[in-house]
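Everything below concerns the one structure shown next.
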Amino acid sequence: MLRPTVVCLGIICMTQRQFLLLCFLPLAIFTLAFLALPLARLILASSESEAGWAIYLKILQTPRYLSTLLQTVLVSVSVTFAALAISTTAGLFLVRNTFPGRSVLLSILTLPLAFPGVVVGFMIILLGGRQGLVNQLLPGHWVFAYSVFGLFLGYIYFSIPRVLLTVMAAAEKIDPALEEAALTLGAPSYRITLDVLLPALAPALIAAGAIAFATAMGAFGTAFTLATNIDVLPMVIYTEFTLSANIAMASALSVVLGLVTWALLLIARSFSGTTVAAGG
């Protein structure tokens, strides 16, 4: 009969199963205290109104809430695809080329990770606001900071570094022999990109795109700074909670926001897993 493996920590000895349970305890406490209980309270709070659970149907029947949800999703999807396109191009270039100032350029590209959303919004205002640089250089009311385009630029600004680092990490693991074999067989550059590079990067691109989408869906600081004439879901949740004191609606909108984002992450994970399995 096999004896259980014993793990010793100093003078304390325990079985491997007890050790695993001990390691699992902090995760269980964190999940219960900071995820499960607040989420359960949020869901219950959404039903504490005259409409009850029908408040979710009210969201779909109210044009303002529905249009806000659709606009938030569209902006987030646009930001995701733009960030993927820019970051994939830049990431492959930085991985495949060494030149003076490369590390400085990479540091500049990842600098937005150090800025909160409010600072990003303020920078967009300095660029495209009424007194912004663009309007000073090109007089004629070139003001875009307070529009959907300004919000799009702000989201792009803090999405690119996250996607870029993920793409670069994946690109560094691609075997150069695959590209060399394709070149030997006479494949043009665009075929190498489509048939070799993109399939190899697909899992990383899907994961990075999901993160960019989730970040854009829930971004509040940039929207709070810029969204004077724009309705995005985080801002509507904020106004419902603070200005209208409508805690039930704010909670319901928060649940909807979480469900939409969670569904996208779940789909991305399934596609990423399928791609990895197929590639293996």
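Before rounding to the nearest 500, sum -39500 (n - 2.57) across all DSSP H runs of length at least 4 in the chain and divide by the residue total; then give [θ] at 222 nm in deg cm²/dmol.
It lands at -22500 deg cm²/dmol.
Taking H placed 1.01 Å from N in the peptide plane, check which residues at least 5 places from THR15 or on another chain put their amide H under 5 Å from its amide H.
Result for THR15 returns VAL7.
Compute the Cα gyration tensor for the chain, then decide on rounded, prolate or oblate, letting a ≥ b ≥ c be the square roots of its eigenvalues: rounded whenever a/c is under 1.5, prolate when a/b is larger than b/c in the other cases, and oblate in all that remain.
Because a/c hits 1.5 or more and a/b fails to exceed b/c, the chain counts as oblate.
Under DSSP H, which helices of the chain have Cα atoms covering 18 Å or more of the helix axis and a Kyte-Doolittle average no less than 0.0?
Helices meeting the span and hydropathy rule in the chain are 16-30, 63-96, 148-171, 198-218, 247-279.
So for the pair TYR238, TRP262, with labels modelled 7 Å out along Cα→Cβ, what separation do we get in nm?
2.4
Any read-out appearing in this document is the output of simple, stated calculations on the displayed coordinates, not a laboratory observation. Just so it is clear, the structure is predicted and the values come from calculations on it, not from any experiment. Ideal geometry is used to build each Cβ from the backbone, glycine not excepted, and the neighbour counts take in all protein chains shown.
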